[in-house]
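The values are calculated or read from the model by the stated rules, or taken from the named source; none is laboratory data. Please read all numbers here as calculations on a predicted model, not as lab measurements. Because the Cβ atoms are built from the backbone with ideal geometry, glycine has one as well, and the counts that use them run over all protein chains shown.
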């Protein structure tokens, strides 16, 4: 029973991490390696707003999501727009920005373990025999709600359809008058906001540390690859597969194999079926 | 091509020459202490502060008299980044070499903080024949065992703070009196997947088993794990009463917060728990770190009156840096500088071999007890009573303050149980 | 009739819902020039890709000299002598023209057969490459063989495709729309080249839209429509057939296009 | 400047046009025009250990050469074979571990373990990367990014080869000069060897595969075999660099799989100019000493070094070599329109 409950919680947290990365790659084909940095910087911005400036918690969160979104768009507008399409330069450029943000934060004094965010709700309740604390439940609920909202957004609103159109075939979308750069910038901003949402939900469980930036990047790549690069629905389901796999390895094999499982998932998926579960890569394109 | 290459190489060399020509000529030639520390981390910056505090005090008191001449200490700190995941240990070794070769350090204090880096630095130190006193973060018993095994090759390295094996001894003592006091017999061990923690967890399981404790489980977590729920549930289902934690990664705060929220009826007893050693721990867990116990390896890091010198150091540290001594590295680094000064004055020269023999006969009543080195393994001799050896100390967080609960000779309070444990 | 050099039976292939080929079977006899015609999207290129191993057919198999080669990787099939040209030309733009031919001369088959004119042992690859180029119409002493491929006109690129097949001393060449995109004069110079290859004993399978030139060369023709084989036979029979006209022109009246020399 | 319109005009130097083609070189002047850059590079590299003041910077030189070998193998793979691998650390780690094991358990002297580690390591890496060869573009990049992390976690979880402590007590090169010259000579051999190899006919096949793999398959060549050969060349170079690193630091452990070893060579290639094979070496010559000099600034070092990288990618994506080459082979003058 507890495997079910905590498996879902672990999977939703993985999904939250991976969603932003999948959204950005899905629309603008840009692998955003600065995703982990956006996750961490949102945590620290919320912390400064809440502790240093003393804004109420909810306003601090909303403001920091806004800052994150703006940061994402700025990053695209001034840096990534010039390297779009050149595969390796995109990865290096976005990774370099991520590195600059993370190490800049570390230099700015955000070190040690004293940076934390308060939990939404204290205490825990029992689900059957399994005690679960409120914050994790709230995270799970919000996570699933977020995916539903995203689904509705991409399928039924104008911007959503435009974004999806661009995801399928950029040139065709361009012909129909969709400004692909604007859309890509929006997508990057949106991905950053998603990273921020993941941060505000997951970080209160522990403390805000710069290293979690690298950890989140690896996990979101794992989730997006297994789910199929480009399809964020795939990423959501892949998060459940990896999440449960991790929990099962902890229970049955031994907790120190936990990290090995996630990385193994990536390597196996890429070798067997590079396009992942829901990937739409054309057969010849990704396999020679 | 011709112009570009010339211009690039020239500017590179000029820049390098400039850097090194800046001499520093004043009174006596200073003795340079090199400190390769991971200053972005607790074990790094607290050691740095300990060393600088000691150096300022010694220089203020006139410096070190090397057979007549009074020479001041000078500290050169370099960031080794070795506690950061994803950073190769060769970075730390390069930092140590930079200290020895280009900064001309005479002695290395503080040492690389990660056990792997410290072990790797052993061969480097023997190659350059430089004495190094490790003061923060290196807990692996392999360190002093390697020195003992190949004494003449690695005799240049010393360690002035306790290591995993002594910690276990102290732990077992506490478990025994917890057993008498509250009847806690079931121990659940959680260790980080780092060789010294993993080794210590195995030894702990064996020793606890032999002492009549039931080891209900032992989980090893890779560095960077962020989900401990399954382990905590296992603790609850097996009815364990003590959680012995060997973790110095920041994610341990997640574990403690979840332990508090889920009201798990077991006492978190940290052997190495970097998160809990800091004064800021209380704020970090918004008070949920209540009742957590953690071992700060040597006494000076928490307010106690092990020796007259302890409180003097404690207040001097708080005055200079505006914060109480934090990690396990502050008092040991402070003492390392004094022990070094004492050895140099006894040896009368900076020559490594003579200073080594002087260090081996060290007998200084320090911040955390009487400091003597085991001549064979250069490991500081630990003891339970400050009068006859270096004393470790275990503290418990009781409503916002760190109270030393062990050893009895310097304890300020006794171990309390969380409310949801007391009733059963 | 000797047994066929290439035998295809019940070949079918589906891409998702689209039926590209529907159990097509035909034989190719040594020394033949088989023309395959049909409207766009009738599965012509799919046949080529299936024979040369670029695509794995869903069912049916392909025999080359009575050896089943279905599903073998492309380089193994090419190694047996079944070569092809690409509808969308694929020269190595970054290399000069003669270097384009050096690459195929590295294949195991070229080593064994010594390349197009070779007698079993492989001489200097560069000279062989230039010989082949000269053989298919690149003037030897002019600067053309050394020009970068990206600067060559389409006519030369088409010949380069053929030259790549020749480098392997092929037994079968499958030409995928060799004449398309060429000017009348270029086509006029290509037809004798194809005839010369036929005299050299190479079996040729031609996929073409320009029927007039195809009928000058081909001695058998097969018509495909929506992945199914309509008819196979000599050019005259096929042209007279009602169904073919329907498939091609949607109605029977248009006559003058069907006249041929 | 007169009021008339005038613009800058770039013209190839006479010598370049003549010497670039296949025509014989007529005068000494042309001969030295061609050999001068290579000559400067070789003498510059060989004289480096003498020019540099103290021991510490000589150690930095050998680290520069190690990164340069790695950058060279990345550039060869990315530009001449089309396989972009983000897994430099995988080669360094494997090479380092094999050298460590050979040296401690079989006590083979350093000058023997390094070539052995290169050969065995190359085979091992190629074997592991074999299943990923058919992948293209982003997929291959991400798989190779994952391999070093995977190896580190495996060694950590199974606690083999000394677990997280790694192997210590590996003996170093006999003297620091031997160490530097060993590494510098290997770097130069690899550099000029690769340049020769890439222009030979067999080397052309790699460019052909990158240019159009379908055409190569159609001409009867098994491209997976050639890709495996390319991966073997690149990984044995990487393993050799890893083995040298182990012997320099007398230690090998899981942190040799760290991300730094994957990222710095790529940064050096981008800055130096990818595709020119000499560019990455120039890039390393600039980046590694710069990151050493900045070491005193602590954590700002990485932030600064990352922003240099972004700057180069945006404004001079061709890198220094391309700019240098153009300057050397062309001259500019103002002409009136």
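Is it true that some residue in the stretch B:385-404 is in contact (Cβ under 8 Å) with a residue 60 or more places away in the chain, within 20 Å of the chain's Cα centre (by Cα) and in a loop (DSSP other than H, G, I, E, B)?
Scanning the stretch B:385-404 turns up at least one residue that is in contact (Cβ under 8 Å) with a residue 60 or more places away in the chain, within 20 Å of the chain's Cα centre (by Cα) and in a loop (DSSP other than H, G, I, E, B).
Residue by residue through the stretch B:203-258, note down the ones that are free of Cβ contacts under 8 Å to residues at least 24 places away in the same chain, within 28 Å of residue A:245 (Cβ to Cβ) and more than 7 Å from chain A (Cβ to nearest Cβ).
B:205, B:237
In the stretch B:46-90, which residues are assigned to a loop (DSSP other than H, G, I, E, B), touching a strand residue (DSSP E or B) at 6+ places or on another chain (Cβ under 7 Å) and either within 14 Å of another protein chain (Cβ to nearest Cβ) or touching a residue at least 12 places away in the same chain (Cβ under 8 Å) (or both)? Before you say what the answer is, go through the steps one by one.
Restricting attention to the stretch B:46-90, the residues satisfying the condition of being assigned to a loop (DSSP other than H, G, I, E, B) are B:61-63, B:67-68, B:72, B:80-88.
Those still in the list that are touching a strand residue (DSSP E or B) at 6+ places or on another chain (Cβ under 7 Å) too: B:62-63, B:80.
Across the stretch B:46-90, the qualifying residues are B:63, B:80.
Looking only at the stretch A:230-256, which residues are free of Cβ contacts under 8 Å to residues at least 24 places away in the same chain and under 15 Å from residue A:219 (Cα atoms)?
Narrowing the stretch A:230-256 to residues free of Cβ contacts under 8 Å to residues at least 24 places away in the same chain: A:245, A:249-250, A:252-256.
Hit for the stretch A:230-256 is A:245, nothing else.
Residues of the stretch B:279-329 being crowded, with 22+ Cβ neighbours inside 10 Å, under 19 Å from residue A:51 (Cβ atoms) and either in contact (Cβ under 8 Å) with a residue 40 or more places away in the chain or more than 13 Å from chain A (Cβ to nearest Cβ) (or both), which ones?
Those that are crowded, with 22+ Cβ neighbours inside 10 Å, under 19 Å from residue A:51 (Cβ atoms) and either in contact (Cβ under 8 Å) with a residue 40 or more places away in the chain or more than 13 Å from chain A (Cβ to nearest Cβ) (or both): B:281, B:289.
I'd like the residue in the stretch A:91-114 that is part of a helix (DSSP H, G or I) and within 11 Å of chain B (Cβ to nearest Cβ) and, out of all such residues, is modelled with the lowest pLDDT. Break it down into steps so the answer makes sense when it comes.
Initial filter on the stretch A:91-114 (part of a helix (DSSP H, G or I)): A:91-107.
Okay, now just the ones that are also within 11 Å of chain B (Cβ to nearest Cβ), so A:99, A:102-103, A:105-107.
Values: A:99: 84, A:102: 85, A:103: 82, A:105: 84, A:106: 80, A:107: 77.
Filtering first and then ranking leaves A:107.
Output the helices (runs of 4 or more DSSP H) that fall wholly within the stretch A:156-228 and possess 1 or more residues being within 12 Å of the chain's Cα centre (by Cα), touching a residue at least 40 places away in the same chain (Cβ under 8 Å) and within 30 Å of residue B:250 (Cβ to Cβ), or say none. Break it down into steps so the answer makes sense when it comes.
Numbers: elements: A:158-168, A:170-175, A:180-202, A:211-227.
Correct list: A:180-202, A:211-227.
How about the stretch D:177-208: which of its residues are within 17 Å of residue C:102 (Cβ to Cβ), more than 9 Å from chain C (Cβ to nearest Cβ) and in contact with a helix residue (DSSP H, G or I) (Cβ under 6 Å, 6 or more places away or on another chain)? Before you say what the answer is, go through the steps one by one.
Quick first cut of the stretch D:177-208, residues within 17 Å of residue C:102 (Cβ to Cβ) only: D:196-208.
From what's left, more than 9 Å from chain C (Cβ to nearest Cβ): D:196-200, D:203, D:206.
Answer for the stretch D:177-208, where residues must be within 17 Å of residue C:102 (Cβ to Cβ), more than 9 Å from chain C (Cβ to nearest Cβ) and in contact with a helix residue (DSSP H, G or I) (Cβ under 6 Å, 6 or more places away or on another chain): D:197, D:198, D:203, D:206.
Considering only residues of the stretch B:125-148 that are more than 20 Å from the chain's Cα centre (by Cα) and under 12 Å from residue B:108 (Cα atoms), which is nearest to the other protein chains (Cβ to nearest Cβ)? Please lay out each step first, then the result.
If we filter the stretch B:125-148 for residues that are more than 20 Å from the chain's Cα centre (by Cα), which is where we start, we get B:126-130, B:148.
Pick out the ones that are also under 12 Å from residue B:108 (Cα atoms) and you get B:128-130.
Numbers: B:128: 9, B:129: 13, B:130: 13 Å.
Out of the qualifying residues, it is B:128.
Return the residues of the stretch A:38-53 that are away from chain B (no Cβ under 14 Å) and either modelled with pLDDT under 85 or crowded, with 24+ Cβ neighbours inside 10 Å (or both); say none if nothing qualifies.
Those that are away from chain B (no Cβ under 14 Å) and either modelled with pLDDT under 85 or crowded, with 24+ Cβ neighbours inside 10 Å (or both): A:38, A:41, A:42, A:46, A:53.
With the checklist (1) at the interface with another protein chain (Cβ under 7 Å from one of its Cβ atoms); (2) out of contact with any helix residue (DSSP H, G or I) (no Cβ under 6 Å at 6 or more places or on another chain); (3) part of a helix (DSSP H, G or I) in hand, flag the one item residue A:59 doesn't pass.
(1)
Could you go through the stretch A:15-23 and let me know if any residue there is under 29 Å from residue A:248 (Cα atoms), part of a helix (DSSP H, G or I), within 11 Å of another protein chain (Cβ to nearest Cβ) and modelled with pLDDT of 85 or more.
Step one: filter the stretch A:15-23 for residues under 29 Å from residue A:248 (Cα atoms), giving A:15-23.
Keeping just the survivors that are part of a helix (DSSP H, G or I) gives A:15-23.
This time we only want the ones that are within 11 Å of another protein chain (Cβ to nearest Cβ), so: A:17.
From what is left, the residues that are modelled with pLDDT of 85 or more are A:17.
Yes - at least one qualifying residue is present in the stretch A:15-23.
Within 11 Å of chain B (Cβ to nearest Cβ) and either at positive phi or in contact with a helix residue (DSSP H, G or I) (Cβ under 6 Å, 6 or more places away or on another chain) (or both): which single residue out of D:66, D:98 fits that description? Working first, answer last.
Working: D:98 fails: within 11 Å of chain B (Cβ to nearest Cβ).
Going through D:66, D:98 in turn, just one is within 11 Å of chain B (Cβ to nearest Cβ) and either at positive phi or in contact with a helix residue (DSSP H, G or I) (Cβ under 6 Å, 6 or more places away or on another chain) (or both): D:66.
Being buried (at least 16 other Cβ atoms within 10 Å of the Cβ), within 30 Å of residue D:86 (Cβ to Cβ) and either touching a helix residue (DSSP H, G or I) at 6+ places or on another chain (Cβ under 8 Å) or away from chain B (no Cβ under 14 Å) (or both) is true for just one of A:146, A:117, A:80. Which residue is that? Before you say what the answer is, go through the steps one by one.
On the way: A:146 fails: within 30 Å of residue D:86 (Cβ to Cβ); A:117 fails: within 30 Å of residue D:86 (Cβ to Cβ).
The match here is A:80.
Looking at the stretch D:221-238, can you tell me whether even one residue there is over 30 Å from residue B:118 (Cβ atoms) and not in a helix (DSSP H, G or I)? Quick ask: steps written out before the conclusion?
Narrowing the stretch D:221-238 to residues over 30 Å from residue B:118 (Cβ atoms): D:221-237.
Narrowing further to those that are not in a helix (DSSP H, G or I): D:221-222.
Looking through the stretch D:221-238, at least one residue is over 30 Å from residue B:118 (Cβ atoms) and not in a helix (DSSP H, G or I).
For the stretch B:72-107, which positions are modelled with pLDDT under 80 and under 12 Å from residue B:37 (Cα atoms)?
Hits for the stretch B:72-107 are B:81, B:82, B:83, B:84, B:91.
Residue under question is residue C:35, and the condition is that it be part of a loop (DSSP other than H, G, I, E, B), in contact (Cβ under 8 Å) with a residue 24 or more places away in the chain, closer than 19 Å to residue C:170 by Cβ and in contact with a helix residue (DSSP H, G or I) (Cβ under 8 Å, 6 or more places away or on another chain); does it hold? Write out each step before concluding.
On the way: part of a loop (DSSP other than H, G, I, E, B): no; in contact (Cβ under 8 Å) with a residue 24 or more places away in the chain: yes; closer than 19 Å to residue C:170 by Cβ: yes; in contact with a helix residue (DSSP H, G or I) (Cβ under 8 Å, 6 or more places away or on another chain): yes.
Considered against the rule, which asks whether it is part of a loop (DSSP other than H, G, I, E, B), in contact (Cβ under 8 Å) with a residue 24 or more places away in the chain, closer than 19 Å to residue C:170 by Cβ and in contact with a helix residue (DSSP H, G or I) (Cβ under 8 Å, 6 or more places away or on another chain), residue C:35 comes out as no.
Restricting the search to the stretch A:248-275, which residues are outside any loop (DSSP other than H, G, I, E, B), within 14 Å of chain B (Cβ to nearest Cβ) and touching a strand residue (DSSP E or B) at 6+ places or on another chain (Cβ under 9 Å)?
Taking the stretch A:248-275 as the starting set, the residues that turn out to be outside any loop (DSSP other than H, G, I, E, B) are A:248-253, A:255-272.
Filter once more, keeping what is within 14 Å of chain B (Cβ to nearest Cβ): A:248-253, A:255-264.
Hits for the stretch A:248-275 are A:250, A:255, A:256, A:258.
Hand me the list of helices (runs of 4 or more DSSP H) wholly inside the stretch C:73-164 holding 1 or more residues that are out of contact with any helix residue (DSSP H, G or I) (no Cβ under 7 Å at 6 or more places or on another chain) and at pLDDT below 85. First the steps, then the outcome.
Details: elements: C:74-79, C:97-102, C:108-113, C:125-135.
Counting at least 1 such residues, we get C:108-113, C:125-135.
Please specify each residue of the stretch B:373-382 satisfying the condition of being out of contact with any helix residue (DSSP H, G or I) (no Cβ under 7 Å at 6 or more places or on another chain) and surrounded by 18 or more Cβ atoms within 10 Å (Cβ to Cβ). Show your work before the answer.
Residues of the stretch B:373-382 out of contact with any helix residue (DSSP H, G or I) (no Cβ under 7 Å at 6 or more places or on another chain): B:374, B:380-381.
Of everything in the stretch B:373-382, just one residue is out of contact with any helix residue (DSSP H, G or I) (no Cβ under 7 Å at 6 or more places or on another chain) and surrounded by 18 or more Cβ atoms within 10 Å (Cβ to Cβ), namely B:380.
Conditions (1) under 30 Å from residue B:77 (Cβ atoms); (2) modelled with pLDDT under 75; (3) more than 10 Å from chain B (Cβ to nearest Cβ); (4) buried (at least 20 other Cβ atoms within 10 Å of the Cβ), marked per residue:
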| position | (1), (2), (3), (4) |
| --- | --- |
| D:287 | yes, no, yes, yes |
| D:292 | yes, no, no, yes |
| D:308 | yes, no, yes, no |
| D:311 | yes, no, yes, no |
| D:315 | no, no, yes, no |
| D:319 | no, yes, yes, yes |
| D:329 | no, yes, no, no |
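What residue, among those in the stretch B:261-277 that are buried (at least 24 other Cβ atoms within 10 Å of the Cβ) and within 11 Å of another protein chain (Cβ to nearest Cβ), is modelled with the highest pLDDT?
Here the residue is B:273.
Out of the residues in the stretch A:202-238 meeting the condition of being under 21 Å from residue A:187 (Cα atoms) and within 14 Å of chain B (Cβ to nearest Cβ), tell me which one is surrounded by the fewest Cβ atoms within 10 Å (Cβ to Cβ).
Here the answer is A:218.
Give me a count of the residues in the stretch B:97-108 that are facing another protein chain (nearest Cβ under 10 Å) and in contact with a helix residue (DSSP H, G or I) (Cβ under 7 Å, 6 or more places away or on another chain). Lay out the reasoning, then the answer.
Initially, the stretch B:97-108 is screened for residues facing another protein chain (nearest Cβ under 10 Å), giving B:97-104.
The next check asks that each one be in contact with a helix residue (DSSP H, G or I) (Cβ under 7 Å, 6 or more places away or on another chain); those that pass are B:97-98, B:100-102.
So the answer is 5.
Can you name every residue in the stretch C:46-68 that is farther than 21 Å from residue C:22 by Cβ and part of a loop (DSSP other than H, G, I, E, B)?
Selection gives C:65, C:66.
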